[in-house]
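Chemist: Right, I'll just put the structure down here and ask away after.
The values are calculated or read from the model by the stated rules, or taken from the named source; none is laboratory data. These figures come from a predicted structure and were not determined experimentally. Cβ placement follows ideal geometry from the backbone for every residue including glycine, while neighbour counts extend to all protein chains displayed.
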Amino acid sequence: MLQNIRDKSHGIVVKIIVGFIVVTFALFGVDALVTGFNSSDTVAEVNGTEITRTDLLQAAETQRRQLISMMGNNINPALLEDTLLQRRALDELIQRAVLTNNAESLNLGVSDAQVDQYLLQAGEFQTDGRFDQNKYVNFVRSLGYTPLSFKERIKTDVLLQQARSAIVASEFVVPHQVDMIKTLQNQTRTFDYVEFDLASETEQMDVTDAEIETYFSAHPEEFKQEEQVSLDYVLIKSTDLRDRIDVTDAELKAAYDSEVALERSEERQVSHILLELGDDRTEDQANALVTEIQQQIASGKSFASLAETYSDDLGSKSSGGNLGYIEKGIMGDDFDDAVFNMALGEVKSVQTDFGLHLVQLNDIATVDVASFDEMKLQLEEQIVSRKIEDALLDEHENIADLAYASDRLEPLAKEYGVEIETTALFGRSGGNDELTVNPQIVAAAYSAQVLEDGQNSNLIEINDNEVIVVRVKDHNPESLQSLDDAREQVASVLIEEKAVASLKAKADLAFSDLDNQDWKTVTAAARGESAISELAFTLPHPVDAPVTEVKPLSNGNLVLMRLTAVESQDVEGDDEQVSLYERYLNQTNSTLSTQAQQSLLSNAATIER
């Protein structure tokens, strides 16, 4: 189908459509265009509220990015499969529509000003504590939204949060509930156990060639060579766009001025005598004391000795009031104005928020600042490094268009001056190198678009500075292995089966002869003490006799356990622990209440898919 679209992309019908797009865009803007197409492409309806395919694709893309952000390369590529993402996204959109209708029926609302304030304060859109328009726009574009549609999405989120907050605020926890949690948490258990080790049992097992051949013949479907693909790909890095970046003289000059402004052009070494103001000393008294100190300086007394006698600054008085070398912006504007307008050796008084200072200027040190020519190359590289990240983002649409418009990667490689490279074969769980372990690339490689239709993939963002487009080079379908290829795997399966069966037989035999076991005893074990003690907390309380069961551990070992006593200690928890239990119970109750409300509203809604 995609090829048919490409073949007919130059016909008169396409030209009419393009003309319609141009006129619509010019008169009403891109959001009107998106809305216009949305209206006729409905994938679901909730109480008359339509959910469009564009809504679905945007929600699926948002989910994909959230999964990648949370799990990185640890995510299972199958979770990024388009059909699964869209199915989950549709469920979420239907639920949002149900909740939005409910919020509107309650006459809840959100103003544009509230949304603007939310966006301005969101940390992900800030640089150095200030809202960054470029960062915001780039984020919105990366999710496939326009600024207007993204604000509508945020407005809905804030609206739904109001309803959720009302439920959360209505929840409460009574002391009895906290006491129950505290009692259960501080419960201890005394038990006996015998552990049966699977690894040791496995080492004692062996299999014959006849057993291997018999098992393989009976279970050939269990031993397959997994499906594999290799990919051709074009990797485009932000650095590949270096030659497309221009840096003007005005940008260089502005960067230099900014850099120089941050440089320390001068430092001054000062000493001071601080006279604090307060109930014990008024401003007039401080001024009189300053005059007295100045008279002593004039009579020949050293500033350092007077600082040791009179200064209230405990940090500097023992060193004669020495503050060392300071630069502008350290001591405050009033102090700076005085110090950086003094002559060498001058003594001057200045009042600040700390009190009244008598300041002596001891030395002036000039710091050399590099010239424009000396810094030009460095500044140019700094500007380029900032620009190329934005340049790659700006090229996303062009890269995606070139990938879609051709059944080959050559046009894309030529456009950006890069080579077409090839991966090794890898399966659906990924490969062994940096690219083929990337779940986005694995998901794309096994998508219907790439694997079945033989098309280029969509643009895949590896990180902020790298994007990739892939297509299948070779495809090896899943196939049955030969006995020789599968021999080790068959032997491993047989040995494990024998070991598990033998271990269970030993545990069952021990269970039937409890008196003759080499029991290990654990007294008053607390929750979380060990993996084995956790098993004890899964057993029912003993009443008239100990409770005995065989329990498995996560490593395959079996544990014969005999629970003899459960002790509930009435422990007084501290305020922090009690607060923790209260928050846990409140959060649990809020979640259950929210889920119950959502189920009630969904069951009452008219939903058409």
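Chemist: Can you say whether residue 385 is among the hydroxyl-bearing types (Ser, Thr, Tyr), more than 28 Å from residue 228 (Cα to Cα) and surrounded by fewer than 16 Cβ atoms within 10 Å (Cβ to Cβ), as far as the supplied structure shows?
Modeler: Spelling it out, residue 385 is indeed among the hydroxyl-bearing types (Ser, Thr, Tyr), more than 28 Å from residue 228 (Cα to Cα) and surrounded by fewer than 16 Cβ atoms within 10 Å (Cβ to Cβ).
Chemist: Considering only residues that are among the hydrophobic types (A, V, I, L, M, F, W, C), under 30 Å from residue 425 (Cβ atoms) and surrounded by 19 or more Cβ atoms within 10 Å (Cβ to Cβ), which ones fall in the range 191-234? I'd like the intermediate steps shown before the answer.
Modeler: Taking the range 191-234 first, the residues among the hydrophobic types (A, V, I, L, M, F, W, C) are 191, 194, 196, 198-199, 205, 207, 210, 212, 216, 218, 223, 229, 231, 234.
Those left that are additionally under 30 Å from residue 425 (Cβ atoms): 212, 216, 218, 223, 229, 231, 234.
Across the range 191-234, the qualifying residues are 212, 216, 229, 231, 234.
Chemist: So which residues in the range 524-558 are among the small types (Gly, Ala, Ser), without any contact (Cβ under 8 Å) to a residue 40 or more places away in the chain and surrounded by 11 or more Cβ atoms within 10 Å (Cβ to Cβ)?
Modeler: 530, 531
Chemist: Exactly one of (1) modelled with pLDDT of 95 or more; (2) under 39 Å from the mean Cα position of the chain (by Cα) is unmet by residue 222. Its number?
Modeler: (1) is the only condition that residue 222 fails.
Chemist: Identify the single condition in (1) surrounded by 13 or more Cβ atoms within 10 Å (Cβ to Cβ); (2) within 30 Å of residue 371 (Cβ to Cβ); (3) of a type in the set (S, T, N, Q) that residue 248 does not satisfy, given that it satisfies every other one.
Modeler: (1)
Table: residues versus (1) among the small types (Gly, Ala, Ser); (2) touching a residue at least 12 places away in the same chain (Cβ under 8 Å); (3) assigned to a helix (DSSP H, G or I).
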site: 84; (1), (2), (3): no, no, yes
site: 90; (1), (2), (3): no, yes, yes
site: 97; (1), (2), (3): yes, yes, yes
site: 100; (1), (2), (3): no, yes, yes
site: 109; (1), (2), (3): yes, yes, no
site: 113; (1), (2), (3): yes, no, yes
site: 124; (1), (2), (3): no, yes, yes
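Chemist: What single numbered condition from (1) of a type in the set (A, V, I, L, M, F, W, C); (2) within 30 Å of residue 227 (Cβ to Cβ); (3) loosely packed, with under 13 Cβ neighbours inside 10 Å fails to hold for residue 400?
Modeler: (3)
Chemist: Yes or no: residue 182 closer than 30 Å to residue 547 by Cα and either surrounded by 12 or more Cβ atoms within 10 Å (Cβ to Cβ) or among the basic types (Lys, Arg) (or both)?
Modeler: Judged against the criteria, residue 182 is a match.
Chemist: Right, here's the next one. Of the residues that make up the range 324-333, is at least one crowded, with 16+ Cβ neighbours inside 10 Å and modelled with pLDDT of 90 or more?
Modeler: no
Chemist: Scan the range 351-368 and tell me whether some residue there is in contact with a Lys or Arg (Cβ under 7 Å, 6 or more places away or on another chain) and within 30 Å of residue 252 (Cα to Cα).
Modeler: Yes, the range 351-368 contains a residue that is in contact with a Lys or Arg (Cβ under 7 Å, 6 or more places away or on another chain) and within 30 Å of residue 252 (Cα to Cα).
Chemist: Then there's this: For the range 134-159, give me the residue count where each residue is of a type in the set (A, V, I, L, M, F, W, C) and closer than 17 Å to residue 69 by Cα.
Modeler: Selection size over the range 134-159: 3.
Chemist: Related question: Condition first: touching a helix residue (DSSP H, G or I) at 6+ places or on another chain (Cβ under 9 Å), assigned to a strand (DSSP E or B) and over 19 Å from residue 210 (Cβ atoms). Can you find one or more residues in the range 485-503 that meet it?
Modeler: The answer is no, given that none of the residues of the range 485-503 is touching a helix residue (DSSP H, G or I) at 6+ places or on another chain (Cβ under 9 Å), assigned to a strand (DSSP E or B) and over 19 Å from residue 210 (Cβ atoms).
Chemist: Among the listed residues 377, 393, 425, 435, which satisfies the condition of being at pLDDT 95 or above and of a type outside the set (Asp, Glu)? Spell out the reasoning first.
Modeler: Values: 377 fails: at pLDDT 95 or above; 393 fails: at pLDDT 95 or above; 435 fails: at pLDDT 95 or above.
After ruling out the rest, the residue left standing is 425.
Chemist: Look at residue 364 and say whether it is touching a Leu at 6+ places or on another chain (Cβ under 8 Å) and surrounded by fewer than 18 Cβ atoms within 10 Å (Cβ to Cβ).
Modeler: Against the criterion (touching a Leu at 6+ places or on another chain (Cβ under 8 Å) and surrounded by fewer than 18 Cβ atoms within 10 Å (Cβ to Cβ)), residue 364 qualifies.
Chemist: On to the next question. Would the range 192-209 turn up any residue that is assigned to a helix (DSSP H, G or I), farther than 30 Å from residue 559 by Cα and outside the structural domain of residue 429 (by TED's automatic domain parsing)? Break it down into steps so the answer makes sense when it comes.
Modeler: If we filter the range 192-209 for residues that are assigned to a helix (DSSP H, G or I), which is where we start, we get 198-203, 209.
Checking which are farther than 30 Å from residue 559 by Cα leaves us with 209.
After this cut, where a residue has to be outside the structural domain of residue 429 (by TED's automatic domain parsing) as well, the list is 209.
Within the range 192-209 (the criterion being assigned to a helix (DSSP H, G or I), farther than 30 Å from residue 559 by Cα and outside the structural domain of residue 429 (by TED's automatic domain parsing)), the answer is yes, since at least one residue qualifies.
Chemist: Same structure, new question: Filter the range 267-303 for residues that are over 16 Å from residue 346 (Cβ atoms) and surrounded by 13 or more Cβ atoms within 10 Å (Cβ to Cβ) and give the result.
Modeler: Answer for the range 267-303, where residues must be over 16 Å from residue 346 (Cβ atoms) and surrounded by 13 or more Cβ atoms within 10 Å (Cβ to Cβ): 267, 274, 275, 276, 277, 281, 285, 286, 287, 289, 296, 301.
Chemist: State the number of residues belonging to the range 559-579 that are among the hydrophobic types (A, V, I, L, M, F, W, C) and surrounded by fewer than 15 Cβ atoms within 10 Å (Cβ to Cβ).
Modeler: 2
Chemist: Does the range 488-523 hold any residues that are closer than 16 Å to residue 194 by Cα and without any contact (Cβ under 8 Å) to a residue 60 or more places away in the chain, and which are they?
Modeler: Keep residues of the range 488-523 that are closer than 16 Å to residue 194 by Cα, which gives 502-523.
Once the filter is applied, which keeps residues that are closer than 16 Å to residue 194 by Cα and without any contact (Cβ under 8 Å) to a residue 60 or more places away in the chain, the range 488-523 yields 504, 505, 508, 509, 511, 512, 513, 514, 515, 516.
Chemist: Would you mind stating whether residue 234 is of a type in the set (A, V, I, L, M) and in contact with a helix residue (DSSP H, G or I) (Cβ under 7 Å, 6 or more places away or on another chain)?
Modeler: The answer is yes for residue 234.
Chemist: Moving to a separate point now. When only residues in the range 226-264 that are of a type in the set (D, E, K, R) and modelled with pLDDT of 90 or more count, which is farthest from residue 468 (Cα to Cα)?
Modeler: Among those residues, the one meeting the criterion is 226.
Chemist: Please count how many residues of the range 162-173 are surrounded by fewer than 15 Cβ atoms within 10 Å (Cβ to Cβ) and either touching a strand residue (DSSP E or B) at 6+ places or on another chain (Cβ under 7 Å) or part of a helix (DSSP H, G or I) (or both).
Modeler: 5
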